[in-house]
Amino acid sequence: MLEFTKMQGNGNDFVVIDNRDNQMGTLALSQLAERICRRCESVGADGLLVVEKSEHEDFRMRLFNRDGSEGEMCGNGARCIARYAWEKKLAGESMSFETLAGPIRAKVEAPFVELDMGNVDLSEGFWGESLNVGGETFPFVYLIVGVPHCVLFIENITDFSRETLVEIGRTVRYDTQRFPNGTNVNFIQRVGESELKVVTYERGVEDLTLSCGTGSAASAVAASIVLEMTSPIHVHNPGGDNWVSFSFDEKRNYCKTYLKGKAVMVAEGKLYDECLA
């Protein structure tokens, strides 16, 4: 049997396991993610979070998506694993942990966790372009915030059905000519002076999710560039709210970014082997 903790950040849910003894290698973790994330048949989740030892930080975070692929970074997942590490006394309220996207600093004030997302390199992205998808034209911004994000600007998200958003998201996500590594797709709508409504199609999950932390951060940075919105920005996801604070360097080559939101402990238990078959 496998011990696990179920957590969620604004409805973006994860199974968290402790692999500091390195009993499971990458292939085994990938296969576990595919099996444990199946809804109705197993615990069910958007992804698997794995705690491992790190030589330089408090611990190492690994993220495996529902399809078994390993992701570089996940904002909601990083908040959840920080809360988990604090609850399990693996780290203090302030911590630093290793990810494939680089080290992440976090501060826990349960149930809230704030992440220092580091500098978003604006030279890696592009803006001022439009996408034509499904007969619609969308202005968009492309940024890498740990993982690639395409931000589509929409006047009213509710004008589109869920099925249409999924279709558009999937089409853009697999536009490998424009986005060679694929991309997450964020539909954003300004709803106030410093507020956004954001719905995200997540690469790896291959569906709309209730919330995406890095998507919230990417959307806020994109809105600051295109819509001239100022920090902090309150991001409304279908599953809950995130707050993104940011500041640009003098030449606007980089954007220092912070992400704050809830990370909720849901349940703990043991998974029987027959659920992994």
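The values are calculated or read from the model by the stated rules, or taken from the named source; none is laboratory data. Here the structure is a predicted model, which is why all the values come from computation and not from measurement. Glycine gets a Cβ as well: all are built from the backbone with ideal geometry, and neighbour counts include every protein chain shown.
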Item to check | Residue check, residue 96 part of a helix (DSSP H, G or I), free of Cβ contacts under 8 Å to residues at least 60 places away in the same chain and either more than 30 Å from residue 197 (Cβ to Cβ) or of a type in the set (Phe, Trp, Tyr) (or both) | outcome: no
Next on the checklist: Residues that are free of Cβ contacts under 8 Å to residues at least 12 places away in the same chain, surrounded by fewer than 20 Cβ atoms within 10 Å (Cβ to Cβ) and over 17 Å from the mean Cα position of the chain (by Cα): does the range 219-230 have at least one?
Outcome noted: yes
Checklist entry - Among the listed residues 43, 16, which satisfies the condition of being under 20 Å from residue 275 (Cβ atoms), among the β-branched types (Val, Ile, Thr) and modelled with pLDDT under 95? => result 43
Checklist entry - Condition test on residue 154, is it at pLDDT 90 or above and within 20 Å of the chain's Cα centre (by Cα)? => result no
Next on the checklist: If I filter the range 182-201 down to residues being surrounded by 22 or more Cβ atoms within 10 Å (Cβ to Cβ) and among the β-branched types (Val, Ile, Thr), which single residue comes out as farthest from residue 241 (Cα to Cα)?
Outcome noted: 183
Item to check | The listed residue being surrounded by 21 or more Cβ atoms within 10 Å (Cβ to Cβ) and either of a type in the set (S, T, N, Q) or modelled with pLDDT under 95 (or both), out of 204, 261, 269 | outcome: 204
Next on the checklist: Go through (1) touching a residue at least 40 places away in the same chain (Cβ under 8 Å); (2) more than 17 Å from the chain's Cα centre (by Cα) for residue 211 and report which single condition fails.
Outcome noted: (2)
Checklist entry - Hey, does the range 127-147 have a residue that's more than 22 Å from residue 201 (Cα to Cα) and of a type in the set (Val, Ile, Thr)? => result no
Checklist entry - Filtering the range 1-28 down to residues that are of a type in the set (A, V, I, L, M, F, W, C) and part of a strand (DSSP E or B), which residue is farthest from residue 111 (Cα to Cα)? => result 2
Checklist outcome for this item: Counted residues in the range 143-163 being under 27 Å from residue 77 (Cβ atoms) and surrounded by fewer than 19 Cβ atoms within 10 Å (Cβ to Cβ) come to 4
Checklist outcome for this item: Going through (1) in contact (Cβ under 8 Å) with a residue 40 or more places away in the chain; (2) surrounded by fewer than 23 Cβ atoms within 10 Å (Cβ to Cβ); (3) among the hydrophobic types (A, V, I, L, M, F, W, C) one by one, residue 179 fails only at (1)
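Any chance you could count how many residues in the range 190-223 are among the hydroxyl-bearing types (Ser, Thr, Tyr) and in a helix (DSSP H, G or I)? Before the answer, list the steps.
Within the range 190-223, the subset among the hydroxyl-bearing types (Ser, Thr, Tyr) is 194, 200-201, 209, 211, 214, 216, 219.
With the extra rule that they be in a helix (DSSP H, G or I), the set shrinks to 214, 216, 219.
Of the residues in that region, 3 qualify.
For (1) of a type in the set (Val, Ile, Thr); (2) farther than 20 Å from residue 78 by Cβ; (3) modelled with pLDDT under 95, each residue gets a yes or a no:
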{"position": "197", "(1), (2), (3)": "no, yes, no"}
{"position": "211", "(1), (2), (3)": "no, no, yes"}
{"position": "219", "(1), (2), (3)": "no, no, no"}
{"position": "249", "(1), (2), (3)": "no, yes, yes"}
Checklist entry - Mind checking which residues of the range 120-158 are among the charged types (D, E, K, R), assigned to a strand (DSSP E or B) and under 19 Å from residue 189 (Cα atoms)? => result 129, 136
Item to check | the range 224-243, subset of a type in the set (Gly, Ala, Ser) and in a loop (DSSP other than H, G, I, E, B), residue farthest from residue 115 (Cα to Cα) | outcome: 239
